[in-house]
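*Asks:* To start, I am sharing the structure in question, which I have written as structure tokens.
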Amino acid sequence: MRTTVTLDKDVEQMLRTAMHQTKKSFKRTLNDAVRNGLSKREASKAKRFVVRPYPLGIRAGIEPTSYNKLIDELEVEAFLEKDARLRNDHSGR
């Protein structure tokens, strides 16, 4: 099939580089690139991603999604303790 295609500058440069490296014609380089790109796309559709869950070994009653809240609370407590120490140091002068 014969057709006219407008290529972006970066794609043109990539094709010219590939032509130079492989010593193939523009037509063959372009066809190989399109064929390769489309076949990878079809192959990636064929593979299905499967999630395999594993038990975490967490005890009942512990909510793993609330760990961030616990860390935040501990950081606030540590900050308040440090702030209180600094205030005591400055007021004792």
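*Asks:* Sort all Cα-Cα distances of the chain into consecutive 10 angstrom bins from zero, then give the percent of pairs in each bin up to the one containing the longest distance.
*Replies:* 11, 18, 13, 10, 11, 17, 13, 6, 1
*Asks:* For each of Y67, Y54, count neighbouring Cβ atoms within 10 Å of the residue's Cβ, then give the residues from fewest to most.
*Replies:* The order, fewest Cβ neighbours first, is Y54, Y67.
*Asks:* Quick check on the exposure proxy: order K40, K23 from fewest to most C-beta atoms within 10 angstrom. Present the calculation step by step, with values, prior to reporting the outcome.
*Replies:* On the way: K40 10, K23 7.
Lowest to highest Cβ neighbour count: K23, K40.
*Asks:* Per 0.36 nm of contour for each residue apart, how much would the distance between H20 and A78 grow if the chain were fully extended, relative to their Cα-Cα spacing?
*Replies:* Details: separation 58, 0.36 × 58 = 20.88 nm, distance 6.29 nm.
That works out to 14.6 nm of additional length.
*Asks:* Next up: Just subtract the alpha-carbon distance of I58 and K9 from 0.36 nm times their residue separation and send over the number in nm, one decimal.
*Replies:* Extra length from I58 to K9 when fully extended: 12.1 nm.
*Asks:* Moving to a separate point now. Just from its helices, what would the mean residue ellipticity at 222 nm be for the chain, if runs of 4 or more DSSP H residues each count -39500 (n - 2.57) and the sum is divided by every residue, rounded to the nearest 500 deg cm²/dmol? Intermediate values should be presented prior to the final figure.
*Replies:* Numbers: 3 runs with 60 residues, N = 93.
About -22000 deg cm²/dmol.
*Asks:* Answer with one residue from Y54, A84, T4: the one whose Cα lies farthest towards the positive end of the charge dipole of the chain, charges on Cβ with Lys, Arg +1 and Asp, Glu -1.
*Replies:* Farthest towards the positive end: T4.
No value in this document is a laboratory result; all are computed from the given coordinates. Quantities reported herein were computed from a predicted structural model and do not represent experimental measurements. Neighbour counts run over all protein chains shown; Cβ positions are idealised from the backbone, glycine included.
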